[in-house]
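I have placed the structure first, in the form of structure tokens, so that the comments after it can refer back to it.
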């Protein structure tokens, strides 16, 4: 990870904290669900050979760009990294988001855990 804006992340997880409500996570869980859907679609596309494996230069840059778009919503920005570094960083970021989900929301279902996605493009 390059940077985590904790204010953005906190506001996403607890959007109504100013009024004392720490139990509404819809926006956060919606972003997690959307990001998870992207990971599943990307992985299935690679598995079914509908999407080029990420090792192709264009596919790698597209994937990194898409990751950045999703992660911006969580207040996370990635540094410009090589392909080899991206896989490691992606795993760490997904673990981080899962940790936030499991520790700061009341959601424990696997359908909201990013590391549960079998990513066929990851090394």
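Rule-based calculations on the coordinates, nothing more; no lab input. Computed from a predicted model, the values in this text were never measured in an experiment. Every residue, glycine among them, receives a Cβ derived from its backbone with ideal geometry; neighbour counts consider all protein chains shown.
In deg cm²/dmol, rounded to 500, what helix-only [θ] at 222 nm does the chain give when every DSSP H run of at least 4 residues adds -39500 (n - 2.57) and the total is split over its residues?
-18500 deg cm²/dmol
Using a simple spin-label model with points 7 Å from Cα along the Cα→Cβ vector, what separation in nm is obtained for residue 56 and residue 16?
Label at residue 56, label at residue 16, 4.6 nm between them.
Using a basic spin-label model with each label point 7 Å from the Cα along Cα→Cβ, how many nm lie between residue 84 and residue 6?
Here the answer is 3.3 nm between the modelled labels.
Report the gain in length on full extension from residue 77 to residue 118: 0.36 nm times residue separation, minus Cα-Cα distance, nm rounded to one decimal.
Gain in length upon complete extension: 12.4 nm.
How far is helix 83-104 tilted off the main Cα axis of the chain, in degrees rounded to 10, range 0 to 90?
Roughly 20 degrees between the two axes.
For the chain, find the longest principal axis of its Cα atoms and tell me its angle to the long axis of helix 57-72, 0 to 90°, nearest 10.
Tilt of helix 57-72: around 0 degrees.
Take 16, 90 and order them by how many other Cβ atoms sit within 10 Å, fewest up front.
16, 90
Take the alpha-carbon centre of the range 1-74, take the same for the range 84-123, and report the distance between them in whole Å.
10
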